[in-house]
Amino acid sequence: MSLFAVDGLSKSFGGVRAVREVGFGLDAGEMLALIGPNGAGKSTCFNVLTGQLAPDVGRVTFDGHAITGLSPQAIWRLGIGRTFQIAATFRSLTVRENVETALLSRAGGLRGFWRPAAGRVGAQAGALLARVGIAGLSARVCGTLAYGDLKRVELALALAGQPRLLLMDEPTAGMAPAERRALMALVASLARAEKIAVLFTEHDMEAVFSHADRVIVLDRGAKIAEGPPAAIRADARVRAVYLGKDAVEPRR
C-alpha cells in the first residue's frame, strides 16, 4: 500500500473542470513530479491535496487514513509538509528565529513567552539549518537573504514538522540555474536518505528529468501520462501538448 494515495480526484469551478478523476500513489523515499502546460490543473490538484480546497469527488489517504476534507493545519500535523511557489517566511525575523518558531508550533509551545521557549529548540534549529546547508546564515534577517537562500529557509521550515511527505509547489521558481540544481539535489538526497516521499510541481524540465523517479502529466485537468522520466520524455502525446519535439535531457 502506498504511503500517499489519490483516487478519482475531481474539482470544478462553475462549468470548468479543473481536475478530472486524477489518481496516483506515492511511496516513502520516492520523488514524484507533477507537470503539464499552464491551465493543466496542477495548482488546483495541489491545493486539494493540501486541504486548501475541498474536492467535488475523490479520496486522498495518507498512511492508510483518509485525509480528504481536513484543514491544512490538521494535514500538517499528520506529517505532511508544504513549500510554496513564493517562499513563505517571516521576513522580519532571523533565519534561526523562523525555524525556532516552526519547531515551537510543531510542539505546541507558541502560547508561552516566545524567547524563553525558543531556547528549548535552539539545538534542533541549528541542526535543521545545517541539514539544508545554511547554518552560517542563522543570524541573518530573512528579508535580507538572496532568494536561493530564502528557499532553503522555507525547506528547513517544512522539515521542522518532521514530515513523512513533502509537497513542493514550484520549488525552483525564481532561482538561478545553479541554485535550482543545488536545491533539487538537496531535496533528492533528503528524500532518499530519510525516506521522505516528495510530490513536486515544476516547469524546469531539467529538474524533473534529473531528480524525479516518476512523472505524472496533466492536461486540461486529466492525467494523460505517468511513468519514469525516460518514458515521459519519449511519449508522443506529452511531446505534443507540453514538451515539444526537443525534450530536455537530464544533466549528468
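Residues in segment 188-207 that are buried (at least 23 other Cβ atoms within 10 Å of the Cβ) and modelled with pLDDT of 95 or more: Ile196, Ala197, Val198, Leu199, Phe200. Of the helices (runs of 4 or more DSSP H) lying entirely inside segment 8-112, those carrying at least 2 residues that are at pLDDT below 95 and of a type in the set (Lys, Arg) are 95-107. Kindly indicate whether any position in segment 158-180 is in a helix (DSSP H, G or I) and charged (D, E, K, R). There is at least one residue in segment 158-180 that is in a helix (DSSP H, G or I) and charged (D, E, K, R).
The C-beta contact set for segment 14-32 (first residue assigned by TED's automatic domain parsing to the domain that holds Ala185, second residue surrounded by 16 or more Cβ atoms within 10 Å (Cβ to Cβ) and of a type in the set (S, T, N, Q), distance under 6 angstrom, 6+ apart or interchain) comprises Ala18/Thr44; Val19/Ser10; Val19/Thr44; Arg20/Ser10; Glu21/Ser10; Gly25/Ser2; Leu26/Ser2; Asp27/Ser2.
The values are calculated or read from the model by the stated rules, or taken from the named source; none is laboratory data. Here the structure is a predicted model, which means the values were calculated and not measured. As a convention, Cβ positions derive from the backbone with ideal geometry for all residues, glycine included, and neighbour counts pool all protein chains shown.
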